[in-house]
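What follows is a set of notes on a single structure, which appears directly below.
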């Protein structure tokens, strides 16, 4: 099991590390168009590819949606209570604790560990968490909510269209499937390279707050994993859905949390430190999940 875990993890770590090295030593990843390429073409293509190729019925995806919504709700309530007890600002830290990195890290990791069968569930979870970033996250940090941001998100629109297409059992031309698969193939490697680039740009200033940072890092993983375990015990989930949910919920703090904190005047230095420190904690949790589930 240990060898299989590292064999699956190595490509993920290598690609992210390559992105970090390229960001520090070259300009290959400097173009902001790369991020737009992934969000407007790559991720929607990955969503369609996963939906069109899935062998599980549509109700299994709705089950996944219910499960991740449960995880987010439990995490939000418990996280808010924990932050209050710790004397930390709910506004600045709650979204970071609730919304993990299910995209750049979670999707590739689930794909490497569980295979293509789990990909659709990982994508549904990631898209839901993305919605949470731009609802709960933006609302907490800015004090405002924008429905327009949600409705204009290409991944969300693609997921809705794809689910409707699959649910109606419409015929999909083979040429269209191959085209979507071809576009989707670029997404996971580029996402990992961009993750490495994002980590290279993080500037750590306040490592003197190591106890707070360590507590938040461990808390993020424990909160997500605990909420996912509660949902798995309450709902009759398929084993592949349960494993995907547990892994995705145990991911570290998302890089987008740092970007939102920077944009809206949140505690960006603490968030940056927690992103890095929560990664090894998350990978240890994932290893435990594979051992016991």
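The values are calculated or read from the model by the stated rules, or taken from the named source; none is laboratory data. Model, not experiment: these values are computed from the prediction. Methodologically, a virtual Cβ is constructed for each residue, glycine included, from the backbone with ideal geometry; neighbour enumeration extends over all protein chains shown.
Figures for the structure shown
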item: Filter pass, residue 37 being modelled with pLDDT under 80 and not in a loop (DSSP other than H, G, I, E, B); result: no
item: Test for residue 214: is it in a helix (DSSP H, G or I) and over 22 Å from residue 63 (Cα atoms); result: yes
item: Qualifying residue in region 42-57 (condition: buried (at least 16 other Cβ atoms within 10 Å of the Cβ), under 19 Å from residue 240 (Cβ atoms) and modelled with pLDDT of 90 or more); result: no
item: When residues of region 235-254 are limited to those that are buried (at least 19 other Cβ atoms within 10 Å of the Cβ) and farther than 16 Å from residue 281 by Cβ, the one farthest from the chain's Cα centre (by Cα); result: 237
item: Single unsatisfied condition, residue 84 versus (1) more than 26 Å from residue 7 (Cβ to Cβ); (2) touching a residue at least 12 places away in the same chain (Cβ under 8 Å); (3) surrounded by fewer than 20 Cβ atoms within 10 Å (Cβ to Cβ); (4) touching a helix residue (DSSP H, G or I) at 6+ places or on another chain (Cβ under 7 Å); result: (2)
item: Index of the failed condition, residue 178 passing every other in (1) at pLDDT 85 or above; (2) under 21 Å from residue 106 (Cα atoms); result: (2)
item: Residue among 10, 65, 22 that alone is part of a helix (DSSP H, G or I), over 19 Å from the mean Cα position of the chain (by Cα), closer than 21 Å to residue 254 by Cα and at pLDDT 80 or above; result: 22
item: So residue 31, is it under 19 Å from residue 255 (Cα atoms), surrounded by 15 or more Cβ atoms within 10 Å (Cβ to Cβ) and modelled with pLDDT under 85; result: no
item: Odd one out for residue 281, checked against (1) farther than 24 Å from residue 18 by Cα; (2) surrounded by fewer than 22 Cβ atoms within 10 Å (Cβ to Cβ); (3) at pLDDT 85 or above; result: (1)
item: Looking only at region 182-234, and only at residues there that are within 16 Å of residue 42 (Cβ to Cβ) and modelled with pLDDT of 90 or more, the one that is surrounded by the fewest Cβ atoms within 10 Å (Cβ to Cβ); result: 182
